[in-house]
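Peer 1: Here's a structure for you.
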Amino acid sequence: MTHYTYKPQMVCSMQIDFDIEGNVISNIQFIGGCNGNLKAISKILEGWTVEDIEARIKGNTCGRKPTSCADQLAIAVRKAYDEQKSA
């Protein structure tokens, strides 16, 4: 299992931390952002695969922003998975 930290862009959260093992994501934690909503997202997505997360939340926007904390998580898990595969 590898711990991964991602610095999201254009959203309220300042950091996203999670663990990745193969393509399964766990221990998701957002630093900053909408605390209650992001805690719920973290609980709901616990144990999901990279592909499932992308299929359900990639492209989600927040207000007028072209992205959201959820979208940034989808980007982060894909990046972590791709880096893990190439290592």
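The values are calculated or read from the model by the stated rules, or taken from the named source; none is laboratory data. The structure presented is a predicted model; accordingly, all values stated were derived computationally and were not measured. In this analysis, Cβ positions are derived from the backbone assuming ideal geometry, glycine residues included, and neighbour counts consider all displayed protein chains. Please note that ligands, DNA and RNA were not included when accessible areas were found on the heavy atoms of the full protein model with its side chains. Shrake-Rupley method; radii C 1.70, N 1.55, O 1.52, S 1.80 Å.
Peer 1: Between Q15 and D82, what is the label-point separation in nm under the 7 Å Cα-to-beta-carbon projection?
Peer 2: Distance between the two pseudo-spin positions: 2.4 nm.
Peer 1: Would you work out the Kirkwood radius for the chain? I mean one over the mean of 1/r across all pairs of different Cα atoms, in Å.
Peer 2: 12.6
Peer 1: May I pose another question? Roll a 1.4 Å probe over the protein chains and send me the accessible area per residue for the chain in Å².
Peer 2: 58
Peer 1: Leaving out same-chain residues fewer than 8 places away, which lysines sit with a Cα under 25 Å from that of K85?
Peer 2: Once the sequence-local lysines are set aside, what remains near K85 is K7, K58.
Peer 1: Students often get this wrong: which residues of the stretch 50-64 have the backbone nitrogen under 20 Å from the point 7 angstrom along Cα-to-C-beta of M1?
Peer 2: The answer is 50-53.
Peer 1: I've got another one for you. Give me the number: length gained by fully extending I44 to K65, i.e. 0.36 nm times residue separation minus the C-alpha to C-alpha distance, one decimal in nm.
Peer 2: Extra length available between I44 and K65 comes to 5.2 nm.
Peer 1: Also, I was wondering about something else. Rounded to the nearest percent, how much of the accessible area of the chain (1.4 Å probe, protein heavy atoms only) is carbon and sulfur?
Peer 2: Whole-percent figure for carbon plus sulfur exposure: 52.
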